[in-house]
């Protein structure tokens with residue numbers, strides 16, 4: 001819970017810092033919507049997926065993603081704060097839910113040292129995601145982005161052996177490293193749909 005509070009405090013401070021920049025006669029802001037496709041590891045769209053980003057205020061946008069990841073279907077929602085109107089760097093904060101997978105057959109090392117195909121379920125799990133995006137304008141309004149960050153898992157050991165096999169410590173470590181959470185690497189395109 002303390003990690004979540006720190007994240008929200010970080011976003012609040014970013015917004016307060018931007019509010020210190022005084023501009024006169026600021027034109028009426030539009031609310032552009034971007035539809036995109038993304039790929040990556042622990043990013044907000046999964047291995048392959050779609051995304052949507054709606055600017056709601058000045059440089060602050062709400063974004064969502066839906067795709068397929070290594071832990072089942074992945075859906076995400078979050079905030080994106082752009083340092084510039086178009087292009088440049090952005091700070092991202094998000095929440096992701098991975099649905100899990102059932103009745104997988106995988107080969108793992110058992111406590112006895114033997115290897116065996118076991119029946120396993122990947123259970124649903126959730127993460128809080130902190131990232132920075134580097135955005136480049138493509139054409140007049142479209143964007144290409146690279147994403148780097150860290151995904152904090154909200155639960156651990158989100159898998160279950162269903163055939164009664166006892167896994168070795170190494171196998172448990174491997175399963176825990178496969179679970180969503182850790183380094184975020186992503187890339188994608190976003191196409192401006194409307195202003």
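We did not get these values from a lab; they are worked out from the coordinates using the rules stated. Model, not experiment: these values are computed from the prediction. Cβ: placed from backbone, ideal geometry, glycine included. Neighbour counts: every protein chain shown.
Observations on the structure shown:
- Placing pseudo-labels 7 Å out from each Cα toward the beta carbon at residue 66 and residue 155 gives an inter-label distance of 2.2 nm.
- q = 0.13 Å⁻¹, region 97-195: log10 I(q)/I(0) [Debye, one scatterer per Cα]: -0.62
- Extension gain, residue 111 back to residue 132 (0.36 nm per residue minus Cα-Cα distance, nm): 3.5 nm
- Net length available on complete extension from residue 57 to residue 193 is 47.2 nm, with 0.36 nm assigned per residue and the Cα-Cα distance removed.
- Quotient of the Cα radius of gyration of region 111-168 and 2.2 N^0.38 Å, N being its number of residues: 1.94.
- For the pair residue 168 and residue 146, a Förster radius of 35 Å applied to the C-beta separation gives a FRET efficiency near 0.40, rounded to the nearest 0.05.
- Here the average projected area of the convex hull drawn through the C-alpha atoms of region 56-116 stands at 6.7 nm².
- Label reach from residue 102 (point 7 Å along Cα→C-beta): in region 135-176, amide nitrogens under 17 Å belong to 159-164.
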